[in-house]
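S.K.: The structure is given below, and queries will be raised subsequently.
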Amino acid sequence: MPLVEAGWVVLDCAEPEKLAVFYKELLEGEETGANANRVEIRGADGLRMAFRRDTNATPPSWPRPENSLQAHLDFDVADLDAAERKIVELGGRPLETRDASGPFEQRSYADPAGHSFSLRSATPTAPKQG
């Protein structure tokens, strides 16, 4: 029997119920637990996340250099444009986009509570048309 039975990525926020909906929809997941101060979800790929109420939470300010040690999330997607439309529809916002400089094209976003995350997509081997 393993010592650790399960793990979660936990984000502090003022409104865990709302942030859980954002990630549940983005990850096509389900709510797996909730109480007055925490909501837990499991994404379709098995990723477990929890959102903990912190009434004093302030949004992170990435990518400012003085906050360079903050954690963030990376998600691999097949279609960056479709994923971006979904993120904006759910209340997220773009932070920056980059041209492909390696094996991945990457775009950064903030969730509705201000936590940063990135989408990555493998760059095609053939040049883009048009």
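S.K.: Report the full-extension gain for the segment Asn56 to Val9: residue separation times 0.36 nm, less the Cα-Cα distance, to one decimal in nm. Walk me through the numbers on the way to the answer.
M.R.: Values: separation 47, 0.36 × 47 = 16.92 nm, distance 1.94 nm.
Extra length from Asn56 to Val9 when fully extended: 15.0 nm.
S.K.: A further question follows. Show the residues, 5+ positions off or on another chain, whose built amide H is closer than 5 Å to the amide H of Arg38.
M.R.: Arg53
Bear in mind that the values in this text are calculations on the coordinates, not laboratory data. What you see is a predicted model, and the numbers here were worked out from it, not measured in a lab.
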